[in-house]
Structure formats: C-alpha cells, structure tokens
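Just below is one structure, and these are the notes that go with it.
The values are calculated or read from the model by the stated rules, or taken from the named source; none is laboratory data. Keep in mind that what you see is a predicted model, and the values were worked out from it rather than measured. A quick note on method: Cβ atoms are made from the backbone with ideal geometry, for glycine too, and the neighbour counts reach across all protein chains shown. These accessible areas exclude ligands, DNA and RNA; they are computed on the full protein's heavy atoms, side chains included. Shrake-Rupley method; radii C 1.70, N 1.55, O 1.52, S 1.80 Å.
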Amino acid sequence: MAIRTRTGTRTGTRTRSGSRALRLAAVLAAAGTATLGLTAPAHATGGDPLDYVALGDSFSAGSGILPLDPTAPLLCARSTANYPHVVAQRTGAKLTDVTCGGAQTKDFAGSQYPGVAPQLDAVDADTDVVTLTIGGNDNNTFIGAIVACGSAGVLSGGKGSPCKDANGDKFTKEIDASTYPALKNALRAVKAKAPNARVGILGYPWIVPAKADPSCFAKMPIATGDVPYLRDLQAHLNKAVQRAASETGATYVDMAAASEGHDACKPLGTRWIEPVLFGTNFVPVHPNALGEKGMADQAIGVMKLN
C-alpha cells in the first residue's frame, strides 16, 4: 500500500492497483462511451472509493459555519459542515478539501496565503471528481457590491436605487472583461490536471429575493430599488460561470431554482444565506449549514454522484 499526502485536509491510504483499472473499465462499459461520462453513476461495484477533490472559495469552504476544520489554515475559515464534506459523507468518496475563504481564480495556480499551496496542487490524474465554487471574489465583486449597496442603502434610508445610480454596469462589465475568461482558464487547468475527472462548478445560491422585502431592511440594509440590481448582478455572474463550464466541458450545477425562497431575508430554518446583521454565522452574507446541505444535494443530483 502506498501513502499519498495531499495539500489539504486529508492524508489517506490509497490503493492504486488493478482494482482501479477494473472499476474504470466497468463504468466505461456501462456508459457505452470511450470517456468517463458525466451521467455515469459515481459509485462503482468494488474497488477504491472515488478520489474527490474540493476547490473553491468561501461558499465552498462554508466559511462562517462552526465547527471549523482543524486541519485547514485558520485564514481559510473552512468548516467541516461545508458542502464538500456533506457530499463525501453521502457518497463515500475520499475527500481532499482545499477550499479557502476569499479564494479567487488566481489562487488555483498561486498561493493564496503564505504557506498555503495553490489549490490545483491537490488535483492529479487519479482524481475522479472535482467540485468548486469560484468567481465571486474576482474583482471583489461580491464584497464590493454588498458594501457599496449596503452603505448606500443606509444613507438613503432604504429608498430609491442609490447603488445602481452610482455604479451602473460597473460590476457586470468587470465580470465580462476579467472574471469570465479567468473562470475558463481555471476550469481548463483543472481539466488538464485531471483529464478523467468529472468536474462540477456550482453557481451561487440567491443572496437577495426577487422583490424587495421592506421587513428585511434591518437585516439586509439594501435600498428597495437596489434589491433587483443586486439580484441581476448575481444572475450575471452565474451566467458567466455557466458559460465557462459549457465551453470547457465541465458540468454547471445551477443553484437558481433550488435556492429560490431561501435568500438572506427569509427566517432562520428557511434561509440558506445569512444576512448582514442578526445572522448566525460569524461571516455574514454566506451560506449557513442548511445552505451548504442544499448545495451538496444539488451537486449530488446534477453530477449523478449517488
């Protein structure tokens, strides 16, 4: 038996023998194709558990949810309740989790923090499954928009659309000009290192509702006219993620329908995203444990991992 150490949360015993070849052959025969199909079932009869690598930012890491992963760098604020852990628990996959709060697409190839290896170091030719959520931190899109719209909302007393009036299409132009091509490059890099892996990139679950809820202003101080502005911005980012996935052979895990009605304005027990104020997470405007479970459910279903 060979011991292989990954940069991430796990050091595991992995048997690389004829059983892996037999398992892959069986899956290929069942799929009737020369490559590992995205619709093939994740579980195989016999052999090793799937080699699963989780990449991505705070929505992947579950940043703000306790308990924290004691093997992760503290700055990553990675939770053991994040959707990669839920996926691994439900599928029996062997998880290597290198997700990290604040990650951008550039952190796949470079070190995000001193002593933290590039996320792509965790991926290799033996990887069977990769999941990721990434892009929201490029250009500081999420934090920039939330801060700008929250500040403008407070100053306007929640009236009008001061954030939209001040920023216009600034955020969407940045997504088109730099985030979208960076997403394509990141997905291509994953594919190059793990050519036989099924790669699933998740969209971001809804942060705000489709229509403004005046009762939510105390928790999410966004002006009435800026709620649809933020919603449209998030939809634009998710479309960029979807387009990048389509053009690189990755699977897009759409969270739009699944997360509808679970935005930050909903009550505890229903919402998947915690609000700016009076939330339960120590990192606001991020998924809670229920949201991470919802993301895991969608990933498992779309990627046929069960």
Next item on the list: With a 10 Å radius around each residue's Cβ, average the other Cβ atoms per peptide and rank 171-177, 200-206, 52-58, 92-98, highest first.
Entry: 52-58, 200-206, 92-98, 171-177
Check: Which one of Thr179, Asn140, Gly160 is farthest out on the positive end of the charge dipole of the stretch 126-186, using unit charges on Cβ (Lys, Arg +1; Asp, Glu -1) and the Cα centre as origin?
Finding: Gly160
Next item on the list: Using a 1.4 angstrom probe, figure out how much accessible area the stretch 66-126 has per residue, in square angstrom, rounded to the nearest whole.
Entry: 41 Å²
Notebook entry, point to check: So what is log10(I(q)/I(0)) for the stretch 100-254 at q = 0.09, 0.21 1/Å, when the Debye sum runs over its Cα atoms only?
Noted result: -0.34, -1.22
Margin query: In 5 Å bins starting at zero, report the fraction of Cα pairs in the stretch 73-137 per bin as a rounded %.
Written below: 3, 16, 27, 26, 19, 8, 1
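Quick check for you: with a 1.4 Å probe and neighbouring chains kept, what is the accessible area per residue of the stretch 148-228, in Å²?
Values: 3460 Å² over 81 residues.
Value returned for the stretch 148-228: 43 Å² of accessible area per residue.
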Notebook entry, point to check: In a solvent-free Debye calculation with one equal scatterer on each Cα, what is log10 I(q)/I(0) for the stretch 163-286 at q = 0.10, 0.16, 0.19 Å⁻¹, listed in the order of the q values?
Noted result: -0.37, -0.85, -1.06
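Just list whichever of Lys266/Lys293; Lys170/Lys293; Lys219/Lys266; Lys191/Lys239; Lys211/Lys239; Lys106/Lys239 have alpha carbons separated by over 22 Å in the model shown.
Details: Lys266/Lys293 17 Å; Lys170/Lys293 33 Å; Lys219/Lys266 10 Å; Lys191/Lys239 20 Å; Lys211/Lys239 20 Å; Lys106/Lys239 20 Å.
Too far apart for the 22 Å limit: Lys170/Lys293.
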Notebook entry, point to check: For the peptides 207-215, 281-289, what is the packing order when you average, over each peptide's residues, the other Cβ atoms within 10 Å and list the highest mean first?
Noted result: 281-289, 207-215
Margin query: Please report the spacing between the Cα centers of the stretch 238-293 and the stretch 45-87 in Å, no decimals.
Written below: 16 Å
